[in-house]
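The values are calculated or read from the model by the stated rules, or taken from the named source; none is laboratory data. What you see is a predicted model, and the numbers here were worked out from it, not measured in a lab. Virtual Cβ from ideal backbone geometry, glycine too; neighbours counted across all protein chains shown. Note: accessible area is taken over every heavy atom of the protein model, side chains too, but ligands, DNA and RNA are not part of it. Shrake-Rupley method; radii C 1.70, N 1.55, O 1.52, S 1.80 Å.
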Amino acid sequence: MIRPRFWAISVLSIIWMTLLHVSVFGQSLQEIQNVKVDNLSDAQIEQLIKRGEAQGLNEQQMLNMAAERGMPAAEVAKLRQRVNTLKSGGRPEQQTQRSGVGSQLRQLQGQQTQPDLFDSLRKSDPYYDLTPTQKKIFGYKLFHNRDLTFNPSLNVPTPQGYVVGAGDQLLIDVYGASQQAYDLTINPDGRIFIPNVGPIQVGGSSIAAATGRIKSALTRIYSGLSGTNPNTFLDVRLGNIRTVSVSMVGELVRPGTYTLPSFSSPFNALFAAGGPNENGSFRHIQIYRDNKLVTEVDIYNFLIGGDFTSSVNLQDNDVIIVPPVRSRVEIQGPVRRQGLFETRPSENLEDLIQFAGGFSSQAFRDRLTVTRMTGSEMRVEDVEAANFPVFFPKDGDTYRVGEILNRFENRVQITGALMRPGTFALNQGMGIRDLVARAQGLREDAFVNRATLYRTKGDFSLEILPVDIRAILNGEEEDIVLRREDVLNIPSIYDLREEYYVKISGEVNRPGAFAFGENMTVADLVLKAGGFKESATASKIEVARRVKDDISGKLAEIIILDIDKELKVSGTKALEPLRPFDHVIIRRSPGFQREQLVRVDGEAFFPGEYAIARADERLSDLVSRAGGLNPYAYPKGATLIRRNEFYKDLSEDEIKAATLTKVKANISRDSLDRTESDKILSSRIDRKIAESKSSEQAERESMDVGDFRQQSIMDLGEAQEGVGQIQIKDTELIGINLEAILRNPYGSDDLILREGDVLSIPRELQTVRMRGEVLYPTSARYRVHSGFKDYISRAGGFTEKSRRGRSYVVYANGDVQRTKKFLFINSYPPIEPGAEIIVPTKPEREPMSVQGWVGLATSLTTLVILIDRVRN
């Protein structure tokens with residue numbers, strides 16, 4: 001038996017080896033010209049691509065070689081299109097694995113390989129292995145559906161018409177006055193042997209006839225089986241059934257001899273053989289028994305009418321022949337099933353349309369066009385719908401069903417300010433007044449002074465007609481008769497002007513833009529914005545109003561108002577309503593300050609967070625509030641960590657949202673059964689948190705000065721060659737002299753505190769750290785009289801790559817001192833407890849290349865020659 005996978009691979013191998021000028025299976029250049037890409041399945045195209053890659057060729061080189069070897073240009077174009085379709089249908093980001101000849105052979109042998117770009121196509125198309133022609137043949141997919149099987153069911157009652165034969169197992173039960181059970185198998189002579197009775201011939205008989213013979217024989221020992229009033233009864237049923245050998249020949253995918261259960265029908269045998277091939281008939285499948293034609297099977301009865309029954313059960317040595325197709329036609333266009341269909345001589349065009357599932361909704365049903373082959377050329381015929389019953393298809397016909405026109409014969413449309421705008425049917429004599437009435441009249445905001453009627457002329461050009469809607473509806477002007485495809489647009493008054501809004505910004509809970517309303521006041525706008533924040537001032541509220549028709553250089557009209565927390569407005573224009581596009585600005589109260597925190601870490605009596613009390617509070621004040629330094633403090637190593645301009649501090653809305661979240665969590669934690677007030681408070685907090693997050697998002701989208709400066713520095717680092725990306729820190733370590741600060745409070749060393757400052761006071765330090773280009777980077781115990789070189793010696797000394805003159809020391813308080821030079825003598829900085837010695841690396845210098853040395857020698861030689869000539 002020939003498996004379809006190896007059959008497809010062998011066909012593709014022939015094609016590819018022929019393209020490479022390798023003579024395999026006797027292929028020639030003449031046969032290359034006869035290769036039809038439409039007859040290749042997607043699986044065969046895939047194998048073709050992989051074979052080319054195994055030879056080191058890409059798709060374009062493979063196509064060029066095919067053209068050079070005689071493949072027609074049309075077939076090359078089809079092959080290119082198929083390859084591109086498969087590539088786009090796979091995984092474009094995944095590269096095809098290029099393997100050697102050994103892996104290609106393993107793949108041809110069916111071994112498992114790694115997933116490639118065709119995996120998704122295999123999974124999405126269950127008929128991936130079929131060619132486009134095979135997919136078009138009606139019924140071909142039936143025998144290639146992996147989810148469909150025609151295996152006979154054995155869990156059925158014993159059919160009385162089943163003909164028993166050698167190998168069948170008969171289960172005989174005697175019950176009633178006598179009890180007995182027999183398990184018998186029919187021997188090759190067609191007999192069964194019953195003890196005390198003898199052999200009984202049952203082979204070739206139906207179950208009903210065999211039951212009669214067995215009952216007649218058992219009457220000899222069970223007299224109760226006979227008579228008018230029997231008291232003993234008999235039941236005969238099948239056990240294990242025999243198998244039959246059936247020969248499948250003709251135009252089949254896998255012809256051969258198959259062993260099948262005796263219950264099998266012709267469909268079971270056809271499915272086992274893979275069904276008819278491209279040339280096989282689906283309607284004239286012949287079954288021969290004892291050299292005589294028993295019946296013909298028409299698969300269309302099952303495909304069209306669902307008739308799965310068969311009057312013939314297969315028997316041993318039956319022969320099923322699938323002859324070549326006699327008449328096959330193709331139908332294209334808007335039908336339910338396009339494809340190739342097999343027809344009988346008695347079937348007409350109506351039967352063919354029924355095979356195709358009938359016309360689709362887009363089909364033009366009045367006429368079909370058929371392309372028919374005559375003895376010498378092609379011929380086109382038109383078949384009217386009235387002639388469908390008397391027109392009989394012939395082999396090779398191609399029927400094309402046209403589509404209805406993509407146009408409307410009676411459509412008019414109306415859009416704009418109407419109650420029900422849309423599409424309506426055009427009736428005879430229908431005018432604009434009728435169309436407006438069908439749309440249930442105008443909306444209140446309709447602009448009735450002028451509308452526009454868009455009309456399509458006979459040459460498909462557009463004509464625009466102005467319409468006075470008010471005059472036509474009032475009968476003051478003659479109505480306009482509508483034509484097909486007219487479109488009437490009645491605009492809204494709001495379509496003809498800029499959308500009105502007012503804005504509010506500053507210290508309100510929901511700043512932004514709001515829809516303008518007539519007689520809207522500042523108090524109304526503040527109310528829509530969620531009221532004032534705690535930081536808002538009740539005075540100096542500005543209203544910026546647009547200026548029109550003023551050429552004096554005035555940009556805006558500023559109105560100053562006062563408004564209290566009860567939203568009562570006072571001022572010269574307190575009662576004046578807002579106008580469209582007014583911008584209300586709520587200022588922050590000059591006396592409002594949010595608390596600012598600093599922190600003390602380390603060896604103070606009361607470390608922790610402290611709120612800055614005054615704008616000029618200093619480090620000495622912070623140490624004093626922290627209780628001073630404890631006995632273990634090392635003030636010379638104290639450092640100040642301060643935020644710089646790149647620090648992303650939380651906005652007021654973010655702080656507010658975080659605080660409200662904690663308040664809500666504490667509400668839930670305080671009581672198991674929350675009161676009504678707790679629920680209302682929780683709901684109010686949720687709303688406030690959502691508002692804060694929306695404001696926070698708007699603030700993020702705007703770039704402040706710090707963001708602009710940070711982005712500029714990063715762009716500068718990327719632009720400079722060799723600099724790379726610059727890492728920007730949002731905090732800095734500031735070196736301070738805490739001893740001097742405590743000795744002289746409010747002196748020059750005593751810095752003013754800023755929000756987020758962290759004063760870190762370490763314990764007394766007793767070590768010195770050595771890092772960089774030393775032989776053994778380590779930390780050593782501090783010695784009072786030891787200098788820079790002593791500590792370097794304790795780290796094993798400098799390495800060969802060390803840059804000694806650039807060494808520096810980082811002290812515990814953050815100060816840095818570098819090595820200085822005096823008359824080529826290095827003056828190293830002093831060492832204190834907690835200091836860190838850093839020895840940098842010498843920059844690497846590339847050695848001079850051979851070309852450089854040659855150039856240098858040439859220059860020196862030229863110089864010597866020049867000097868010698870000058871002297872002479």
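The table that follows gives values for the structure above.
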| item | result |
| --- | --- |
| Residue tally, condition open to solvent by less than 30 Å² (accessible area, probe 1.4 Å) and outside any loop (DSSP other than H, G, I, E, B), over segment 523-540 | 4 |
| Matching residues in segment 434-462 - criterion: being open to solvent by less than 90 Å² (accessible area, probe 1.4 Å) and over 45 Å from the mean Cα position of the chain (by Cα) | ASP434, LEU435, VAL436, ALA437, GLY441, LEU442, PHE447, VAL448, ASN449, ALA451, GLY458 |
| Filtered residue count, segment 345-380, keeping only those that are open to solvent by less than 40 Å² (accessible area, probe 1.4 Å) and charged (D, E, K, R) | 2 |
| Top-ranked residue in segment 468-502 [being over 30 Å from PRO580 (Cβ atoms) and hydrophobic (A, V, I, L, M, F, W, C); ranked as most open to solvent (accessible area, probe 1.4 Å)] | VAL481 |
| Options LEU225, LEU238: the member that is under 30 Å from ILE321 (Cβ atoms), surrounded by 13 or more Cβ atoms within 10 Å (Cβ to Cβ) and in contact with a Ser or Thr (Cβ under 7 Å, 6 or more places away or on another chain) | LEU238 |
| Residue in segment 89-101 that is over 33 Å from the mean Cα position of the chain (by Cα) and either open to solvent by 50 Å² or more (accessible area, probe 1.4 Å) or at pLDDT below 75 (or both) present | yes |
| Residue in segment 209-234 that is farthest from the chain's Cα centre (by Cα), counting only those that are at pLDDT below 85, part of a loop (DSSP other than H, G, I, E, B) and of a type in the set (Ser, Thr, Tyr) | THR228 |
| Residue match in segment 590-598 (condition: touching a Gly at 6+ places or on another chain (Cβ under 9 Å), polar (S, T, N, Q) and assigned to a loop (DSSP other than H, G, I, E, B)) | yes |
| Number of the exception - MET520 against (1) assigned to a loop (DSSP other than H, G, I, E, B); (2) closer than 30 Å to VAL412 by Cβ; (3) open to solvent by less than 60 Å² (accessible area, probe 1.4 Å); (4) not small (Gly, Ala, Ser) | (2) |
| Residues being over 15 Å from VAL481 (Cα atoms), in contact (Cβ under 8 Å) with a residue 60 or more places away in the chain and open to solvent by 60 Å² or more (accessible area, probe 1.4 Å) - total across segment 408-433 | 2 |
| ASN826 vs. criteria out of contact with any Phe, Trp or Tyr (no Cβ under 7 Å at 6 or more places or on another chain), over 30 Å from ALA615 (Cβ atoms) and exposed (fewer than 15 other Cβ atoms within 10 Å of the Cβ) | yes |
| Candidate set: segment 313-363, residues that are polar (S, T, N, Q) and under 30 Å from GLY167 (Cβ atoms); chosen: the one modelled with the lowest pLDDT | ASN313 |
| Selection status of SER205, closer than 30 Å to THR131 by Cα and not aromatic (Phe, Trp, Tyr) | no |
| Residue in segment 602-609 that is closer than 30 Å to ASN509 by Cα, in a loop (DSSP other than H, G, I, E, B) and open to solvent by 40 Å² or more (accessible area, probe 1.4 Å) present | no |
| Yes/no for GLU381 being assigned to a strand (DSSP E or B) and either touching a residue at least 60 places away in the same chain (Cβ under 8 Å) or of a type in the set (Val, Ile, Thr) (or both) | no |
| Residue within segment 742-754 that is at pLDDT below 85 and surrounded by fewer than 16 Cβ atoms within 10 Å (Cβ to Cβ) present | no |
| Residue list for segment 309-344, filter: assigned to a strand (DSSP E or B), farther than 16 Å from LYS135 by Cα and open to solvent by 40 Å² or more (accessible area, probe 1.4 Å) | VAL319, ILE321, PRO324 |
| Top-ranked residue of segment 268-308 - restricted to ones that are assigned to a strand (DSSP E or B) and open to solvent by 40 Å² or more (accessible area, probe 1.4 Å), ranked as nearest to ARG337 (Cα to Cα) | GLU296 |
| Residue under evaluation THR778, criteria (1) free of Cβ contacts under 8 Å to residues at least 40 places away in the same chain; (2) of a type outside the set (D, E, K, R); (3) over 28 Å from GLU732 (Cα atoms), criterion not met | (3) |
| For SER247: the one exception among (1) part of a helix (DSSP H, G or I); (2) modelled with pLDDT of 90 or more | (1) |
| Residues satisfying the stated conditions in segment 152-208, i.e. open to solvent by less than 60 Å² (accessible area, probe 1.4 Å), of a type outside the set (Val, Ile, Thr), in a loop (DSSP other than H, G, I, E, B) and under 15 Å from ILE221 (Cα atoms) | SER178 |
| Residue in segment 612-632 that is open to solvent by less than 40 Å² (accessible area, probe 1.4 Å) and assigned to a strand (DSSP E or B) present | no |
| Count - residues of segment 759-799 that are in a strand (DSSP E or B) and touching a helix residue (DSSP H, G or I) at 6+ places or on another chain (Cβ under 8 Å) | 8 |
| Candidate set: segment 800-856, residues that are among the aromatic types (Phe, Trp, Tyr) and in a strand (DSSP E or B); chosen: the one modelled with the highest pLDDT | TYR808 |
| Residue within segment 831-841 that is among the hydrophobic types (A, V, I, L, M, F, W, C), surrounded by fewer than 16 Cβ atoms within 10 Å (Cβ to Cβ) and out of contact with any Gly (no Cβ under 7 Å at 6 or more places or on another chain) present | no |
| Filtered residue count, segment 809-854, keeping only those that are within 25 Å of ARG763 (Cβ to Cβ) and touching a residue at least 24 places away in the same chain (Cβ under 8 Å) | 18 |
| Wholly enclosed strands (runs of 3 or more DSSP E) of segment 416-510 bearing at least 1 residues of a type in the set (Phe, Trp, Tyr) | 422-425, 451-456, 501-506 |
| Filtered residues of segment 763-817 (kept if within 12 Å of GLU832 (Cα to Cα), open to solvent by 20 Å² or more (accessible area, probe 1.4 Å) and among the polar types (S, T, N, Q)) | GLN766, THR767, SER786, GLN817 |
